[in-house]
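As structure tokens, the structure follows; a few thoughts come after it.
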Amino acid sequence: MMGQFWVRLEPWLPSLRLDLLALALLAALLFRLGGTRLRRRMPLLLGLLLAGGQIACLQAAWKFVSGPMPWGIDHPAFLFRLKEFRELFPLALGGYNPWWNAGTEHFIGVTSGTHAFGLLNLPPLLCLDPHLFHGPALAFWLIVGFPWLGVLAVRAAGVRWTGALCAGLLMCAVSRAQFLFFWQSGNVGAMTSAMLTLPVVALGYRLIVLRRGGWGMVVALGVAAWLVCLWTPGVLVCAGLVPGWIAMRRRWTIRSNRLLVAAGLLALVLALPWFWITLFPSRGIVNYVATGVTGSRWLMLQAGVRQLLLRLQEWHPLLLVLGAGGAVVVAPRSVRRWTLPLLLILAAIICGTGWWSQSQLDRMALPMAVAAVFPTTVLCGRLFARGSMGRSRIAGLLHALAQGVVLALLMMGLRVAQMHYACRGGFKLWPAPDTIYDFADWIRREVPPEGRLAFAGTTDWKYEWGKPTYLPILSGREMMADDYYSYPRGLIERNYPPKAYRVSLDSWLAFTRAYGITHWAAADPRHKGFLAGHPEWFELVRRMSMQSSRIEIYRVLGLPPPTRFLEGTGSVTARENALVVRPEPADTERVVIRYQWRDGLVCRTPGATIEPFNVDGHLQFIAVRPGGNPVVRIGYRPRFAPLKPNFDGTFHH
């Protein structure tokens, strides 16, 4: 699926080369004949081109985002993280989540950068569930929001309006990978961080190189840097500007450095809660992705270089020639010194993919491409501002031809963007099909409010090309699975129930009884065969076809009506970081609820206590001693320690 920037773009003429040649020659002729009049109107023409291209992209995307929510690949996972962010912000950034596996310690919204996109969409997020507006929000920021933020940031850096508008055109399609990771896969954390790289680079240039701007600029730069750093690898982007700052030491002034330090401190203070989560509760994930591989250094370097070259092929051609090339050769010296160190550092990081294969460092090619927009727009601004008249005949023709080629490439980039938003490219957004909504409705009807649906084996994108991560929100029922997230693969078993409970029918039933599971879903033949082989315990109640998979749902037989209590009676209301237990009668000495014990749980009701309860040799639930209280409230407080794995050494169950 990966490849050059032009892959799958349908030509108007017999070939894309002829399209580009015809556009370039026509534009060159107009530049040659238009002279000063055309040059003066270039900002207007580029603005109209940008606005027209964005309207075309929005029209193409609207067909896919105006109806059902985005579903394929990682969209359900990021929707789930946004929902959690909505419920907890600003008092917490993650914690104890009861929707999956009877309570998991869930902080992946921090390390994935999801919260940055949540902050950009905070007003609608506080009013609506994310699936109700996620598609339009995604299209708005990719097509309109980020490009125009780039225009304003580049203009603030002193670049001509022609160059600034070129930044907007380039930001519509900086790389083909943009549509893979953001449009198709829904990785909104990396998207927000990568696309805000340009404001950080441009506003930093304004403060240090131009020595312009005041406290308003400090706030803008600090907030942009903060949002970039909320995706953990984004910290490397901001750190990569330090060598450029050192290279510009001859331009330092006390005032400019003071303002830059103030912006950095603002970003750091805002990001401290996220950094704390990354360094402590999420340290296990960070350590896993940072684990290197052993082998020939030469072979690992070759693998990293191949990955870099592959990613560079997907860039907009102008970013390769005028961005990366311009930062080395022809851009103004101040621009070269400011951006070249960052580009080299990001290139070196991508080459490290050979050593750290789990780190997904190849995705740093996206912020690298966005950073390359800045020198590209500086050169585009100069190119369009200078006319071809007054030069020698050959020089004038070559200048007009260069202008025509650049304009043609900008227009072709808009075509690439429009193709992908119309889902005619290699990377497509899949709206949730009716089968997903039908399945959620069926779960709401058939699974009792205090029951749980569990997924046997692996889910592995078997549910209409997406994970079932968001199904609890759609159905209002708690669920259990191993890989409701598929990442990081080395920390999950990709099988369910846990191995200790798959050894026999009795162990499977013990697990089912303990958690109050009323239904099992299975997609692979082995687990479907196991469930179908015991009709005295599992009754087939539903078959579904999703992609090439046949999903079967079994109801558990022979169990008492489900309840949230393993010991005692009453009611439990469970939400993120909040369990509200109402024992009946209120003077009960102890009740045990079917939720996982975690060390960060705290009792917030004076006189009541909570403690772990050993169900068997593996499982621990929450024992509550009400102490005469009719209502016991349980909260969660993260600790200065990495999250503990489960009894079998894996996460997610």
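The values are calculated or read from the model by the stated rules, or taken from the named source; none is laboratory data. Note that the structure is a prediction, hence the values are computed from the model and not measured. Neighbour counts run over all protein chains shown; Cβ positions are idealised from the backbone, glycine included.
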Worksheet item: If you take the residues in segment 512-544 that are touching a Ser or Thr at 6+ places or on another chain (Cβ under 9 Å) and aromatic (Phe, Trp, Tyr), which one is surrounded by the fewest Cβ atoms within 10 Å (Cβ to Cβ)?
Response: TRP537
Discussion item. Restricting to segment 2-21, count the residues that are in a loop (DSSP other than H, G, I, E, B) and free of Cβ contacts under 8 Å to residues at least 24 places away in the same chain.
Written reply: 5
Discussion item. Checking the structure you have, find out if any residue of segment 335-345 is in a loop (DSSP other than H, G, I, E, B), buried (at least 24 other Cβ atoms within 10 Å of the Cβ) and under 23 Å from the mean Cα position of the chain (by Cα).
Written reply: no
Worksheet item: Which residue out of TRP356, TRP430 is within 23 Å of GLY113 (Cβ to Cβ) and surrounded by fewer than 18 Cβ atoms within 10 Å (Cβ to Cβ)?
Response: TRP356
Worksheet item: Just a yes or no: is a residue in segment 569-580 crowded, with 19+ Cβ neighbours inside 10 Å, among the charged types (D, E, K, R) and closer than 25 Å to GLU105 by Cβ?
Response: yes
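Every residue, every condition in (1) modelled with pLDDT of 90 or more; (2) surrounded by fewer than 15 Cβ atoms within 10 Å (Cβ to Cβ); (3) aliphatic (A, V, I, L, M), yes or no:
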{"residue": "ILE254", "(1), (2), (3)": "yes, yes, yes"}
{"residue": "PRO281", "(1), (2), (3)": "yes, no, no"}
{"residue": "THR291", "(1), (2), (3)": "no, yes, no"}
{"residue": "GLY295", "(1), (2), (3)": "no, yes, no"}
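So that you can scan it fast, the table gives a plain yes or no per residue for (1) closer than 19 Å to ASN101 by Cα; (2) in contact with a helix residue (DSSP H, G or I) (Cβ under 6 Å, 6 or more places away or on another chain); (3) part of a loop (DSSP other than H, G, I, E, B); (4) at pLDDT 95 or above:
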residue	(1), (2), (3), (4)
VAL592	yes, no, no, yes
TYR595	yes, no, no, yes
PHE613	yes, no, no, yes
GLY617	yes, no, yes, no
PRO630	no, no, yes, yes
PRO638	yes, no, yes, no
Worksheet, complete the sentence: Filtering segment 553-568 for residues that are buried (at least 20 other Cβ atoms within 10 Å of the Cβ) and under 21 Å from ASP441 (Cβ atoms) leaves a count of 3
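This table checks each residue for (1) over 23 Å from ARG424 (Cα atoms); (2) crowded, with 24+ Cβ neighbours inside 10 Å; (3) touching a Pro at 6+ places or on another chain (Cβ under 7 Å).
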position: VAL144; (1), (2), (3): no, no, no
position: ARG155; (1), (2), (3): yes, no, no
position: LEU165; (1), (2), (3): yes, yes, yes
position: GLY189; (1), (2), (3): yes, yes, no
position: THR192; (1), (2), (3): yes, yes, no
position: LEU198; (1), (2), (3): yes, yes, no
position: TYR205; (1), (2), (3): yes, yes, no
position: GLY213; (1), (2), (3): yes, no, no
position: MET217; (1), (2), (3): yes, no, no
Item to complete: Only residues that are within 30 Å of ARG393 (Cβ to Cβ) and not in a helix (DSSP H, G or I): list them for segment 22-74, please.
Response: ARG41
Worksheet item: How many residues, within segment 303-324, are in contact with a helix residue (DSSP H, G or I) (Cβ under 7 Å, 6 or more places away or on another chain) and over 26 Å from VAL335 (Cα atoms)?
Response: 3
Response to the item:
Residue set GLY67, GLY103; condition surrounded by fewer than 21 Cβ atoms within 10 Å (Cβ to Cβ) and over 26 Å from ALA224 (Cα atoms); output residue GLY67
Worksheet item: Do the conditions hold for THR458, that is, is it surrounded by fewer than 19 Cβ atoms within 10 Å (Cβ to Cβ) and over 30 Å from PRO11 (Cβ atoms)?
Response: no
Response to the item:
Scanning segment 240-264 residue by residue, those closer than 18 Å to PRO199 by Cβ and assigned to a helix (DSSP H, G or I) turn out to be VAL242, GLY244, TRP245, SER256, LEU259, LEU260, ALA262, ALA263, GLY264
